[in-house]
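Engineer: Before anything else, here's the structure in question.
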Amino acid sequence: MDIKINPSMVCADLSKLGDQVKQLERAKVDMFHWDVMDGVFVHNFCLTPDVIAACRPYSKLPFDVHLCITDPASFIDSIVDVGADIISLQLETTPHLHRAVETIHKKGKKAGVVINPSTPPSHIESILSELQMVTVMTVDVGFIGQNFIYAMLDKISTIRNMIIEKGFNIDIQVDGQINSKTIHKVIDAGANVLVLGKSGLFNLSSNLEEAVMQVRQHIQSVIKDQKSKK
Amino acid sequence: MKNKVKIGASLACANFANLEKDLRELEQAGVDYIHFDVMDGHFVPNFALNLDILRLVKSIISLPIDVHLMITNPDFFIPIFAKEGCRVLSFHQEATNHHQRELSRIRELGVKSGLALNPSTPLQVLDYLLTDIDVFLIMTVNPGFAGQKIIPATIKKVQQLRTTLDREGIQADIQVDGNVSFENIPQLVSAGATMLVGGTSSIFKKGCSITEAIEKIHNLLNSNA
């Protein structure tokens, strides 16, 4: 399975986001991750529809928007309008998940569900067949620089097995302290989309192309190790 | 006695693909302050700026920042934004029940206290708060989105508030926010506004550079004086 690099844009240089998007596209990342927070579901604020819209002309790669808010379903339309390709709903705040996912599909976009560290994998079982992506939060959502929760590795494996068993083709994304210390673990567990923030990408080098290259090389060595173990 | 009229730029209307460029142009062109909107998708059905952007603005320019919290839980975020550093911190009258407590908390943190009123909120809610407020923020549209038309009744509201403040001998700022356009600025200033928030109908108007727009506002204010 191809491992995808998904830079978390709140960790980029916000003074020149258009340029950052262009540099990352040149460096061949696979998509862009945009967090929207409401100060209620999480006690923090983040990126916004206007910011996403302003950056949209700078890349043709998929924009993946994570709605970390109390009522993601009511913002689907505005997020689609600004150019999102994948819309990820927080499971804990979307009581009518099938309806919300259907709304996303009707707009011709990919639907994802994000689950918090304490949410058991069984909670996504009955929606799994409808999803293109599942995001396992590996820290509690809302702030950068937190500690990776190692119990999430089991959860990732469980979800990967559920997906394989049912014969689905669904990405598993991991978000929260994904860096050189954790990348091999999450890939081994079955994740294939890596949301990378400060420690995983932006702090590696002042040159973003160089930073992405370092991550690529690291991923390649992890896959090589994996193959030699088999 | 009124303060000198100050021009503020509504940062949420800037170009986020190249924020640094807009920030430098705003400073160069002589705006007096940055108006910094925070939205939560609850109090208003939209999202705006955040703490990372606040830190970024401070690292690039040295203009005073005036934070406008359009959120349901200002009590939680007031100390966070005040400690981050801003000149004025405003929250909405409609969003909390503890106005004196929050206003004095803002002043205790060394920041000027601001209270924002939606267009439909009557001035009477200010009766017991007049001396607790440094900046009276009168919304001239319903908060949440750029590009709306001014609600004419709010101009009269500014006038009435200025009359009350004058009667009480209070020399506070009245800030106006929402469709503060080239066309509306003269009457807002005559009504008694001393802090303008310029967005997509003036400072960030399409077809006009930031520098040109600010020059135009300066000219309007000079001919008004």
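The values are calculated or read from the model by the stated rules, or taken from the named source; none is laboratory data. Quick caveat: nothing in here was measured; it's all calculated off a predicted structure. Quick reminder, even Gly has a Cβ in these numbers, built from the backbone with ideal geometry, and neighbours come from all protein chains shown. When the accessible area is computed, the model is the full protein with side chains, heavy atoms only, and any ligands, DNA or RNA have been set aside. Shrake-Rupley method; radii C 1.70, N 1.55, O 1.52, S 1.80 Å.
Engineer: Could you please state, rounded to a whole Å, how far the C-alpha centre of region B:55-104 is from the C-alpha centre of region B:156-191?
Structural biologist: Here the answer is 21 Å between Cα centres.
Engineer: For chain A, what's the relative contact order in percent, using C-alpha pairs closer than 8 Å and at least 6 residues apart?
Structural biologist: Numbers: 431 pairs, mean separation 44.3, N = 230.
Relative contact order here is 19 percent.
Engineer: Probe 1.4 Å, all protein chains in place: accessible area of residue A:14 in Å², nearest 10?
Structural biologist: Using a 1.4 Å probe on the heavy atoms, I get roughly 10 Å².
Engineer: Buried accessible area for the B:A pair, summed, 1.4 Å probe, in Å² rounded to 100?
Structural biologist: Numbers: alone 10000 and 10660 Å², together 18610 Å².
It comes to approximately 2000 Å² buried between B and A.
Engineer: Turning to a different aspect of this structure: Counting pairs of alpha carbon atoms under 8 Å apart in space and at least six apart in sequence, what relative contact order in percent does chain B give? Each step should come with its number before you reach the end.
Structural biologist: On the way: 437 pairs, mean separation 46.2, N = 225.
Value for chain B: 21 percent.
Engineer: Another one. Apply the Karplus curve 6.51 cos²θ - 1.76 cosθ + 1.60, θ = phi - 60°, to the phi angles in region B:133-147 and return the couplings in whole Hz, x for Gly and Pro.
Structural biologist: Values, residue by residue: 10, 8, 10, 8, 9, 9, 6, 9, 9, 6, x, x, 9, 7, x Hz.
Engineer: Would you please classify the overall shape of the protein assembly as shown from the alpha carbon gyration tensor, given that a ≥ b ≥ c denote the square roots of the eigenvalues, rounded means a/c under 1.5, and beyond that prolate means a/b larger than b/c while oblate covers the rest?
Structural biologist: Prolate, since a/c reaches 1.5 and a/b exceeds b/c.
Engineer: So which residue, out of A:51, A:136, A:101, gets the largest mean-square fluctuation from a GNM of chain A using Cα contacts under 10 Å as springs?
Structural biologist: Comparing A:51, A:136, A:101 in a Gaussian network model of chain A, the most mobile one is A:51.
Engineer: Restricting the count to DSSP beta bridges whose residues both fall in the protein assembly as shown, what percent are antiparallel, rounded to a multiple of 5?
Structural biologist: Numbers: 2 of 68 bridges.
Bridges in the protein assembly as shown that DSSP calls antiparallel: roughly 5 percent.
Engineer: Report ³J(HN,Hα) in whole Hz for each residue of region A:75-89, in order, from the Karplus equation J = 6.51 cos²θ - 1.76 cosθ + 1.60 where θ = phi - 60°; Gly and Pro get x.
Structural biologist: Couplings: 10, 4, 4, 5, 6, 4, 4, 8, x, 6, 9, 10, 10, 10, 9 Hz.
Engineer: Per residue, how much accessible area does region A:4-229 show when a 1.4 Å probe rolls over the protein heavy atoms, in square angstrom? All intermediate terms of the calculation are to be shown ahead of the outcome.
Structural biologist: Details: 9160 Å² over 226 residues.
Value returned for region A:4-229: 41 Å² of accessible area per residue.
Engineer: Between residue B:109 and residue B:153, with labels modelled 7 Å along Cα→Cβ, what's the label distance in nm to one decimal, could you check?
Structural biologist: That separation, rounded to one decimal, is 3.3 nm.
Engineer: Turning to a different aspect of this structure: Which entries of A:198/B:58; A:155/A:181; A:110/B:149; A:22/B:149 have Cα-Cα distances beyond 28 Å here?
Structural biologist: Working: A:198/B:58 20 Å; A:155/A:181 18 Å; A:110/B:149 36 Å; A:22/B:149 36 Å.
The answer is A:110/B:149; A:22/B:149.
Engineer: How about region A:117-181: which chymotrypsin sites (Phe, Trp or Tyr not before Pro) there are in a DSSP loop, with at most 10 other Cβ atoms within 10 Å of their Cβ? Present the calculation step by step, with values, prior to reporting the outcome.
Structural biologist: Numbers: sites: A:143, A:148, A:150, A:168; in loops: A:143, A:148, A:150, A:168.
For chymotrypsin sites (Phe, Trp or Tyr not before Pro) across region A:117-181 that sit outside H, G, I, E and B with at most 10 neighbouring Cβ atoms in 10 Å, the list reads A:150.
Engineer: Nearest 5 percent is fine: what portion of the DSSP beta bridges confined to chain A is antiparallel?
Structural biologist: Numbers: 1 of 33 bridges.
DSSP beta bridges in chain A are roughly 5 percent antiparallel.
Engineer: Hydropathy first: keep DSSP H helices in chain A averaging at least -1.0 on Kyte-Doolittle, then drop any whose Cα extent along the axis falls short of 27 Å, and list what survives. Let's see the in-between values first.
Structural biologist: Numbers: long enough: A:208-229 (32 Å, -0.75).
Correct list, ordered by number: A:208-229.
Engineer: Carbon and sulfur atoms: what percent of the 1.4 Å accessible area of region A:4-229 do they account for? Provide the component values of the computation, followed by the final result.
Structural biologist: Working: 4490 of 9160 Å².
Answer for region A:4-229 is 49 percent, counting heavy atoms of protein chains only.
Engineer: How would region A:1-135 be classified by its alpha-carbon gyration tensor: rounded, prolate or oblate, with rounded meaning a/c under 1.5 and the a/b versus b/c comparison settling the rest?
Structural biologist: It is prolate, given that a/c is not under 1.5 and a/b is the larger ratio.
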